[in-house]
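The structure under discussion appears below in the form of structure tokens.
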Amino acid sequence: MDQYSLEPHACPVNFENENYTIITSQCKGPVYQRDPCCNSFLQIACPHSEQINDEKTNCASTLFSYINLYGKYPPGLFASMCKGDKEGLSCAKIDKSAKQNAHGSQATPTSVRSPSLMITAGVL
């Protein structure tokens, strides 16, 4: 692949080994509730937000492929329910909680704001 290729690079994150029960145990239909679905989605996405936001990789589409494989969610469920601000979905609450549990310190806010992530969410 040359530097001018529009084809995304393989994702460096192995999403196959993620624990999707975080989402599938909390985000259940037929009436999907926003808070449990979005919070569980962020628990999976936020630790990898840098890679998911990198439009040069296929991380966003790979993540959504696995979420759909394990959860069999309706197309566009997370894109329609989990709306952020102009910066995207905030990982501040998720990051702060996870990092305080791990290190007992404050975390730096990040966000999942990849256009490809939101477009992929809409398609899936």
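The values are calculated or read from the model by the stated rules, or taken from the named source; none is laboratory data. Remember, predicted model here, so these are calculated numbers, not experimental data. Note that each Cβ is placed from the backbone with ideal geometry, even for glycine, and that neighbours are counted across all protein chains shown. Accessible surface is based on the protein model in full, side chains and every heavy atom, while ligands, DNA and RNA are left aside. Shrake-Rupley method; radii C 1.70, N 1.55, O 1.52, S 1.80 Å.
Values for this structure:
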{"item": "Failed item in (1) within 17 Å of Met81 (Cα to Cα); (2) open to solvent by 60 Å² or more (accessible area, probe 1.4 Å), with Cys27 passing the rest", "result": "(2)"}
{"item": "Matching option when the condition is in contact with a helix residue (DSSP H, G or I) (Cβ under 8 Å, 6 or more places away or on another chain), modelled with pLDDT of 90 or more and open to solvent by 50 Å² or more (accessible area, probe 1.4 Å), among Glu18, Glu55", "result": "Glu18"}
{"item": "Total residues in the stretch 32-52, condition without any contact (Cβ under 8 Å) to a residue 24 or more places away in the chain, among the polar types (S, T, N, Q) and open to solvent by 10 Å² or more (accessible area, probe 1.4 Å)", "result": "1"}
{"item": "Odd one out for Met118, checked against (1) among the aliphatic types (A, V, I, L, M); (2) touching a strand residue (DSSP E or B) at 6+ places or on another chain (Cβ under 9 Å); (3) at pLDDT 80 or above; (4) within 22 Å of Pro12 (Cα to Cα)", "result": "(3)"}
{"item": "Residues (over 11 Å from the mean Cα position of the chain (by Cα) and either outside any helix (DSSP H, G or I) or in contact (Cβ under 8 Å) with a residue 60 or more places away in the chain (or both)) located in the stretch 56-73", "result": "Lys56, Thr57, Asn58, Lys72, Tyr73"}
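Rundown of residues vs (1) under 23 Å from Asn14 (Cβ atoms); (2) modelled with pLDDT of 75 or more, yes/no style:
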{"residue": "Ser65", "(1), (2)": "yes, yes"}
{"residue": "Lys72", "(1), (2)": "yes, yes"}
{"residue": "Gly76", "(1), (2)": "no, yes"}
{"residue": "Ala79", "(1), (2)": "no, yes"}
{"residue": "Ile94", "(1), (2)": "yes, no"}
{"residue": "Ala98", "(1), (2)": "yes, no"}
{"residue": "His103", "(1), (2)": "no, no"}
